[in-house]
Amino acid sequence: MMRPSRPSTPCDNMNHRRANSPVPHCPQCGGVVNARLATGHCDEAKHAASRRRQSVFCVECGAQLIFDRSGRSQ
């Protein structure tokens, strides 16, 4: 009997399992999910919009956007 393979990342976001993810970085862990799309630069307006969508990490550059009250990552 074969066991299902486990994902290589502890994050459960489906972008990690997609062969051609529409975003360069995962919004839950910030990991690279499609290196071909990575731009590496953003502005504060894009980060503010991502925070309003409650993304913990920016899908464009992978920067952490939301911290807990003590300043640590969630």
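Scanning the stretch 44-74 for residues that are of a type in the set (A, V, I, L, M, F, W, C) and either outside any strand (DSSP E or B) or at pLDDT below 90 (or both) returns A45, A48, A49, V56, C58, V59, C61, A63, L65, I66, F67.
Of the residues making up the stretch 24-46, those that are surrounded by fewer than 16 Cβ atoms within 10 Å (Cβ to Cβ), out of contact with any Gly (no Cβ under 9 Å at 6 or more places or on another chain) and not charged (D, E, K, R) number 5.
Count of the stretch 14-45 residues, restricted to those that are under 10 Å from the mean Cα position of the chain (by Cα) and of a type in the set (S, T, N, Q), is 2.
Residues checked against (1) part of a helix (DSSP H, G or I); (2) more than 18 Å from F67 (Cβ to Cβ); (3) modelled with pLDDT under 90:
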| site | (1), (2), (3) |
| --- | --- |
| R3 | no, yes, yes |
| S8 | no, yes, yes |
| A19 | no, yes, yes |
| V23 | no, yes, no |
| P27 | no, no, no |
| C42 | no, no, yes |
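The values are calculated or read from the model by the stated rules, or taken from the named source; none is laboratory data. Every value quoted in this text rests on a predicted model; they were computed, and no experiment measured them. Because the Cβ atoms are built from the backbone with ideal geometry, glycine has one as well, and the counts that use them run over all protein chains shown.
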